[in-house]
Amino acid sequence: MWRSRSGRDRETVTCIACGSSLARSAAREYDKYGDRWDRNDKTFEYLCKECHADLCHQPRTELESLLVEIDAGDHDSEAFLEWYCALVEERYGPLEEN
Ligand SMILES: [Zn+2]
């Protein structure tokens, strides 16, 4: 065990898609609300590069209709995320499948 002088760089985060741990500096911030500009009082979730790339390959237009389909705005974030993941998995297959 050793300590780093710059603890911030050593911080690890967990990819919300595949569950792997990675350095925060190597992770991609993911905001489930799609609003990455309002940073006040927020905790971002993280995706590893692979999962982030996977997400970006999914068609945006469909994504939007998916959000409408599950009434994205009418549910609390946890319920929404659950539904969203289930729906995306149903349509596109498991995210961890490469
Ligand atoms: Zn991942």
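No lab work stands behind these numbers, since they all come straight from the coordinates. A quick note: this is a predicted structure, and the numbers were derived from the prediction, not measured. Here the Cβ is made from the backbone with ideal geometry for all residues, glycine too, and neighbour counts use every protein chain on show.
Some observations on this one:
- Segment Trp83..Glu11, full-extension length gain: 23.0 nm, with 0.36 nm per residue of separation and the alpha-carbon distance subtracted.
- Calculated FRET value between Asp76 and Leu55, using beta carbons and R₀ = 22 Å, to 0.05: 0.50
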